[in-house]
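Colleague: Take this structure first; my questions come after.
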Amino acid sequence: MTSTADDDAMDGQSTDPLPPVVEHHHRNVQGGAARAAVFGVSDGLVSNVSLILGIAGAGSSAASVRLAGLAGLVAGSVSMAAGEYVSMKAQSELLERELEMERIELRRNPNVEIAELAQIYQSRGIDPDAALVMARSVMHDPKLALETHAREELGINPDSLGSPVAAAAASLCAFAVGAFLPLLPWLVTSGTAATVGSVVLGIVGALAVGTALAGFTGRSRLFSAARQLAIAVLAASVTYLVGRAVGVGVS
C-alpha cells in the first residue's frame with residue numbers, strides 16, 4: 001500500500017501534461033548572398049538567352065553569336081557583381097549608422113529608451129506594469145538592449161546585415177552560370193542546332209530557377225517554375241523577333 005506521505009506528495013503534484021515545446025525553424029533571408037545568387041542566375045539566364053537568340057535571329061554567323069554570348073556573360077557578371085556590392089555596401093553602411101545612433105541614445109538617455117520600449121510592448125497588448133518591467137530587464141544588458149531596440153524600433157537584426165563582398169561574389173558566379181547555359185550549344189555546334197539547343201537549355205534552366213525560387217519562398221513549385229518560364233520565353237521571343245526584323249532590314 002502507498003503511504004500517507006506518498007499520497008500527500010502525489011496530491012500536491014499536477015497531473016496536467018506539460019505543453020509541447022514548439023520549435024520554429026526559419027531561414028535567414030536578410031543576408032544578401034542567397035538573394036544575390038538566386039536573382040543572379042535568373043538574370044544571367046534570361047538576359048543571355050535573349051541576347052543570343054536575338055543575334056542568331058538576325059542571321060549572324062556562329063562566331064558572332066559566340067562573341068555576343070561571351071561578351072554578355074562577362075559584362076553582365078561584372079556589372080551584376082559591382083551593382084550588388086554597391087547596393088549592399090550602401091545598405092549595410094546605412095544600417096550601421098542607425099545602429100550607432102541607437103547605441104549612443106542608449107548611453108545618453110536610458111530612461112527615454114526604457115519608456116519607448118515599454119510603449120512598444122504596451123501597443124502589443126502587454127500590461128503597462130509588465131511592459132515596464134520587461135523594458136527595464138532588457139536594459140540591464142547593453143548588448144541585448146541594442147539588439148532589442150534595433151529589432152523593435154528599426155526592424156533590423158544587427159547580426160544579419162549582410163556581406164557586400166559575399167553578395168557580389170554570389171551574384172557574379174550565379175550570373176555566369178545562368179548566362180553560360182544558352183551559350184553552351186554554340187561552343188559545340190552552330191546554326192539551327194545551336195539555336196534549338198539554346199532554347200532547350202533556356203527552358204530547362206528557367207524551370208530549374210523557378211523550382212529553386214519556390215524552395216526559398218515556400219510557394220507552389222509548379223506556379224513558380226511556370227512563371228519563370230513565361231518570363232524567359234517572353235524576353236527571348238521579343239529579342240528574337242527584333243533580331244529577325246533588323247536582320248532582314250539590313251540584308
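Colleague: By average Cβ neighbour count within 10 Å, what is the ranking of 204-217, 51-64 from highest down?
Modeller: Working: 204-217: 18.1, 51-64: 20.1.
Answer by packing, highest mean first, reads 51-64, 204-217.
Colleague: Here is a follow-up. Test of understanding: extend the Cα→C-beta vector of Ile231 to 7 Å, then name every residue of the range 149-177 with backbone N under 14 Å from that spot.
Modeller: Answer for this model: 175.
Colleague: Additional query: Considering all alpha-carbon pairs of the range 32-245, what whole percent are spaced by more than 33 angstrom? Walk me through the numbers before you get to the answer.
Modeller: On the way: 9052 of 22791 pairs.
Roughly 40 percent, once rounded to a whole number.
Colleague: Going by C-beta contacts inside 10 Å, put Met101, Met88 in order with the fewest on the left.
Modeller: Details: Met101 11, Met88 24.
Ranked by crowding around the Cβ, least crowded first: Met101, Met88.
Colleague: Per residue of the range 181-187, what does 6.51 cos²θ - 1.76 cosθ + 1.60 with θ = phi - 60° give for ³J(HN,Hα)? Whole Hz please, x for Gly and Pro, Karplus curve as stated.
Modeller: 4, x, 7, 3, x, 6, 8
Colleague: Starting from the range 78-140, pick out the trypsin sites (Lys or Arg not before Pro) whose DSSP state is loop and whose Cβ has at most 16 other Cβ atoms within 10 Å. Write out the running numbers ahead of the final one.
Modeller: On the way: sites: Lys89, Arg97, Arg103, Arg107, Arg108, Arg124, Arg136; in loops: Arg124.
Of the trypsin sites (Lys or Arg not before Pro), the ones in loops of the range 78-140 whose Cβ has at most 16 other Cβ atoms within 10 Å are Arg124.
Colleague: Using 0.36 nm per residue, how much length does the chain from Asn157 to Leu187 gain when fully extended, once their Cα-Cα distance is taken away?
Modeller: Numbers: separation 30, 0.36 × 30 = 10.80 nm, distance 4.60 nm.
So the extension gain works out to 6.2 nm.
Colleague: Using a 10 Å cut-off around each Cβ, can you sort Ser137, Ser190 from fewest to most neighbouring Cβ atoms?
Modeller: On the way: Ser137 12, Ser190 16.
Placing the least packed residue first, the sequence is Ser137, Ser190.
Colleague: Can you sort Glu84, Glu96, Glu147 so the residue with the fewest Cβ neighbours within 10 Å comes first?
Modeller: Glu96, Glu147, Glu84
Colleague: Could you list which residues have their amide H under 5 Å from that of Thr189, counting only those 5 or more apart in sequence or on another chain, with H placed in the peptide plane?
Modeller: none
Colleague: Let me ask something additional. Apply the Karplus curve 6.51 cos²θ - 1.76 cosθ + 1.60, θ = phi - 60°, to the phi angles in the range 134-145 and return the couplings in whole Hz, x for Gly and Pro.
Modeller: 4, 4, 5, 5, 5, 6, 5, 10, x, 5, 5, 4
Colleague: Now, a different point. If you take the beta carbon distance between Val238 and Val86 as r and set R0 to 22 Å, what does 1/(1 + (r/R0)^6) give as a FRET efficiency, to the nearest 0.05? Kindly include the intermediate steps, with their values, before the conclusion.
Modeller: Values: r = 29 Å, r/R0 = 1.31.
Result of the calculation: an efficiency of 0.15.
Bear in mind these aren't lab numbers, they're just calculated from the coordinates by the rules spelled out. Because the structure is a prediction, the values reported are computed rather than measured. Positions of Cβ are generated from backbone atoms using ideal geometry, with glycine treated the same way; all protein chains shown enter the neighbour counts.
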